[in-house]
Each structure stands twice: as C-alpha cells, then as structure tokens.
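Trainee: The structure under discussion is supplied below as structure tokens; questions concerning it will follow.
Values in this text are rule-based calculations from the coordinates and carry no lab data. Here the structure is a predicted model, which is why all the values come from computation and not from measurement. No Cβ is skipped: glycine too gets one built from the backbone with ideal geometry, and neighbour counts run over all protein chains shown.
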Amino acid sequence: MSPDPAPLLQFRGVNTHYGDLHVLKDVNYSIAPGEIVSLLGGNACGKSTTMKTIMGLVRPTTGTVLFEGKPIERLSTSARVARGIAPVLEARRLFPRMTVFENLEMGAYTRQRDARFDEDLERVYGLFPRVKERRAQLAGTLSGGEQQMVAIGRALMARPRLICMDEPSMGLSPLFVEQVFDIIQAINRQGTTIFMVEQNAAMALQVAHRAYVLQTGVVVLSGTAEELRRNEDIRQAYLGEMAVGTAT
Amino acid sequence: MTSADLLLQQVINGLSLGAMYSLLALGFTLVYGIAELINFAHFNVFMVGAMVAMLTLQSFGLVGQETVLTGLPLIGTLGAAFAVAMLVCGGIGVGIERLLLRPLRGVAGPAPMITTIGVSYVLFNVVLLALGSDAKNFPNPLPPIAWRIGGAVLRLREVLIWIIALALMVGLTYFVQRTRMGKAMRATAQDPEAARMMGVEVDRVVMTTFFLSSALAGACGMIFGLYYNLAKVDIGFAAGLRAFTAAVLGGIGNVPGAMLGGVVIGLIEAVSGQTVGTAWADVIIFGLLVLVLIVRPAGLMGRLAPNKS
C-alpha cells in the first residue's frame, strides 16, 4: 500500500434511516484502490445497510458517498454499476431459472457486448473451471459452493473497480469457505478492490488488509487486520465466538 | 358429417379460440410475472383492440364482408390494422402503468389490482359512449377460401389466425429468451432486487412488459373480429375470463404455460360445445380448472414458491 492514495470509495458522515429507525450513525469509511477491506459486526448492526447504501438501494439521509472522488449518493443503482461497482449479494441470489451463462450475462448488463465481454468471460472461466462446465445448466440446480462461484463470476463480468461482497462465506462448507477466500485474494491481486461484509471474522481478518467494526450503526473500531487480530475486545467478541460457531 | 368429422371441425374451431385465449393469457401472465399483479384492465384493452382494428379497417373503406381483397392489398390492410391495434393498445398499457400503477408501486394490499378494475370500467364506458352498445359488423376482407378435410371445413381465416398467433408467440419467446431486455424481464421476475443490483432499470422493464402484454391484447382483438365478424363493447368479459383461466391453468407467470392453457381451454370450449352442449362449456372449463388446481395447485407448468432460494 502506498502511504495515502486517494480513496476509491468513501463514506463521509453517512446517516441512514428506515422510517424512525436510525441505522447508520455518522459512519465514515475510506477504501483505497487495491485494498481488501472487511466490515465486521454482529447481526443488525448496519452491515447490510452499508452494502445497500453503496449500491443505491438505500439513500443516506445525510452525508456523502464518494466513488473515485465523486459523490454517487444521488445516482441510480444502474449508474453505479456502470461506473464500476459490482455486488456479490448475500445468499448469492442468482437467477435460479436462468442458465449459468445467462447469469454471467446479467452481470455484464450495463456494458456493451463487445470483444471485452468474451475476454472477461474467459477470465471467469479461468478462475472457475467448474462454472465453465456448468454454463448451460440452470443456476438453481447448482450446489451452494458452485452458486457462490457464479455469483463472484457475475460480479466480475461487470468489469468492476470495486466488488462489494455481502457474507461471501454464508452457508458454505468450511472447505469451500477456504476456496472462496483464496479466490477473493486472487481477484484482488488482479487489481480489483474488495469491500466485504463478513460474519466469519477469523477468516475475514486473514485475507483483509484492513477492517472496520460496526456496532449498532456506529464504527467502534478500525485498523489493519493485524491490529484487529491482536485486539483483546475483538478476540473476545468475534474471534472467540467464531471458534464456537465456525461450522455455521 | 360423421362424428369424426364433427370432432375434427371442433378441433379446428378450438385451435382458433385457443390461439386467441393464448395471446390474451400471455398478457395476464407477463404482467403477473413481473409485477405480481392481476391486470383486470386487460379484459377491456382487448375489447379496445377489436374496436381500433375495426375502425382502421373501416378507414380503408371496408364495410362488413362485401369488399374482398387479395394479394398485397389484403396483406397491407390486415397488417396495418394489426399494427394500429397493437400500438394503440400497447400505448394504453404503458399509460396505465406509468400514470396509475407506478405511483402505487410499493403500496401493500389490493390497491393496484382495484385500480386496474377501475381502468377496465373506464375503458368500457368510453367505448360505450363513443361507439354505442350494438354489435358491430367487423370488416373482413379475406376471400372465402376454404378446404375440405373429410367432412370438416378449414377456412382461410382459421389458417391465418393460427399463423399470426404462432408468429406472435414465437416472436415473444425469442424476445424473452434471447434479447437483452427479455433477459432483464426474466431476471426481474425471478429476483427483482438482484436484477436491480445488476443495473437493470426496473421501471423500464415494467413498462416494456405492459407494452408487450397490451399489444398482444390488441392483436387478439383483431383476431377476434376476423374470427367472429363481430365487435361489441362487452366482448372483453367472456374472452378475458377464459384467458385468465387459461393463464391460471397453465401456471400464472409461466409463458409456455399460458400458451398451453389457452389452447386447452379453446379446445375444451369447442369440443364440449359440440358434444355436451354450449351451455355446459363454462361448467366444464371451470370444473377442469378446479380439478387441475387440486392436483397441481401451481397450474400445469407452474412452480410453487417460485423464486425464493
């Protein structure tokens, strides 16, 4: 990491509300190009709301979201995808009755179908040979792990600068969790920045460069993965808990 | 006519009715698939389609069945009437969605559905005031060509209706399966939020769906007129109800299901009208619907709990 690169994604004093419910409370994030940043926290702490705010399904009541230095909080989801933000949704959310190939096409929805489409397709098939084998199959018939590969491949088809992952390890067997995190690191090495919400703090802190800890909508801690791994509160609240609940 | 000839004749009639019900059922099913809404305005959009097609044919100087055209003039006239009816109805569909239903999106409960019932009444009464309640002689410039198959008669108009309905269904299937917008429609039907996250503009998808569905109703109105030589302000109810039944029978939200359901209901109507009595056709149709729904609650080709993983 260069010392202080211009951030790719930035939250500045973001507040969000669902009706009367105040979810994100004056939240600041800053994610530099090339980083893997993890967002940790328990249930209902605002992690998913963070993802929805980045993608434009939730609008901040106050505050600014900057992407490549420009405010995006007024843009439609479609415009954000076109600018280079792609999601890997919680529980994968493939289109079950479309083929694997069509799911990948949907990932490239905002792009023109040019030569680079085939290039990106080859890249996804290279990362996931299994996805290539299954390309003509309906996505709903794949195993959970295979679906996660397609979900990540679908995000890559948008040729994103930033991938936002919501619980990439959820519902996967431990063996597959390892694989998914290997792939996340591989994608990152190829130059894509990753912002990742993850319950599995132990795994997340192994692959992430930095992390934020969110509690009831407030960022209570942030630092490098190394620092957080050593932090006594984190060990007790998340890592200890995870040792018991790893099998989930 | 032997009983085999009679059956063949009723199959010919049933396929024509079925073509009509299928096209109309597709409209119910498309809108339901995308918006989870039963669009009751569809009944009378179909009726408006028949009226618009009639006015278009009359504007070419055609009256009743007196003028017979052949060759290019025939194709041109029919093509124009189909195009005008489909565009006007498609426009009405888009208008209903844009002006009346979009403001209600996200409103829980039956408000959008009740709105479509209201629109249906408005369309009915506008046509009633403008054109009156009498049965109108629908211009039909088709030459009276017919073929004998055994004792049964196959008329040119039936062949034409089949070809047009088939072409529209193939076109729709191609659109939904192969085009970018068609794929966006399927993705939205399966998971609207995920589709939006891929960059699909859901508003455009919904609008396209209403356009297609209503344009098919317009084509169906034209076909109705050609088949019965008749247009009347109250034709929407009976045809619409059967088409809706066809959509449910096939599995609402399912495109091939609507096509199948329409043909099944058309055939039942024709064959049971011949063998049991016309008055019994509805009893048999709705009896069958109940039976199918007991055995397969999601319809012949439908799925229960469609898209939640």
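Trainee: Per residue of the protein assembly as shown, what 222 nm ellipticity follows from adding -39500 (n - 2.57) for every DSSP H run with n ≥ 4, rounded to the nearest 500?
Mentor: Values: 21 runs with 305 residues, N = 557.
Estimated from H runs of four or more residues: -18000 deg cm²/dmol.
Trainee: Can you figure out the FRET efficiency of B:V122 with A:Q185, using R₀ = 45 Å and their beta-carbon distance, to the nearest 0.05?
Mentor: Calculated transfer efficiency: 0.15.
Trainee: Show log10 I(q)/I(0) for the range B:1-142 at q = 0.10, 0.19 Å⁻¹, two decimals, from a solvent-free Debye sum over equal Cα scatterers.
Mentor: -0.46, -1.17
Trainee: How big is the shadow of the Cα convex hull of the range B:224-309, averaged over all directions, in nm²?
Mentor: Mean projected area of the Cα convex hull: 6.7 nm².
Trainee: On to the next question. Calculate the translational D of the range A:1-137 in whole µm² s⁻¹ from Stokes-Einstein, where the hydrodynamic radius comes from the Kirkwood formula applied to all Cα pairs, the temperature is 37 °C and the viscosity 0.692 mPa s.
Mentor: This corresponds to a translational diffusion coefficient of 193 µm²/s.
Trainee: Over the protein assembly as shown, what is the percentage of antiparallel beta bridges among all DSSP beta bridges, to the nearest 5?
Mentor: 60 percent
Trainee: Here's something else I'd like to know. Sort all Cα-Cα distances of the range B:244-283 into consecutive 5 angstrom bins from zero, then give the percent of pairs in each bin up to the one containing the longest distance.
Mentor: P(r) over the range B:244-283, rounded to whole percents: 6, 29, 24, 17, 15, 7, 2.
Trainee: Related question: Quick one: helix B:3-35 against the long Cα principal axis of chain B, what's the angle to the nearest 10°, folded into 0 to 90?
Mentor: 20 degrees
Trainee: Hey, what did chain B get for relative contact order, percent, Cα under 8 Å, at least 6 apart?
Mentor: Relative CO of chain B lands at 37 percent.
Trainee: Something else: State the volume of the convex hull built on the alpha-carbon positions of the range B:48-118, expressed per residue in Å³ and rounded to an integer.
Mentor: 95 Å³
Trainee: From the P(r) of the protein assembly as shown, could you give the percentage of C-alpha pairs in the tail past 42 Å?
Mentor: 35 percent
Trainee: Here's another thing I want to ask about it. Can you give the FRET efficiency to the nearest 0.05 for B:I145 and A:R113, using r as the Cβ-Cβ distance and R₀ = 45 Å? Before the final figure, lay out each step's value.
Mentor: Numbers: r = 46 Å, r/R0 = 1.02.
Efficiency at R0 = 45 Å is approximately 0.50.
Trainee: What do you get for Rg/Rh of the range B:19-234 when both radii come from the Cα atoms and Rh is the Kirkwood radius?
Mentor: Value, to two decimals: 1.02.
Trainee: Any chance you could count the Lys pairs in the protein assembly as shown whose alpha carbons are under 19 Å apart, treating pairs 8 or more apart or on different chains as valid?
Mentor: So the count works out to 5.
Trainee: Okay, moving on. How much of the calculated P(r) for the range A:139-219 lies past 18 Å, in percent of all Cα pairs?
Mentor: 42 percent
Trainee: For the range B:110-261, go through all pairs of different Cα atoms, get the mean of 1/r, take its inverse, and jot down that Kirkwood value in Å.
Mentor: 18.2 Å
Trainee: How far is it, in nm, from the label point at B:L6 to the one at B:M113 when both lie 7 Å from their Cα along the line to the Cβ?
Mentor: Once both label points are built, they end up 4.1 nm from each other.
Trainee: Give the Rg (one decimal place) followed by the Dmax (whole number) of chain A, computed from C-alpha coordinates and expressed in Å.
Mentor: Looking at chain A, its Cα Rg and Dmax stand at 17.5, 51 Å.
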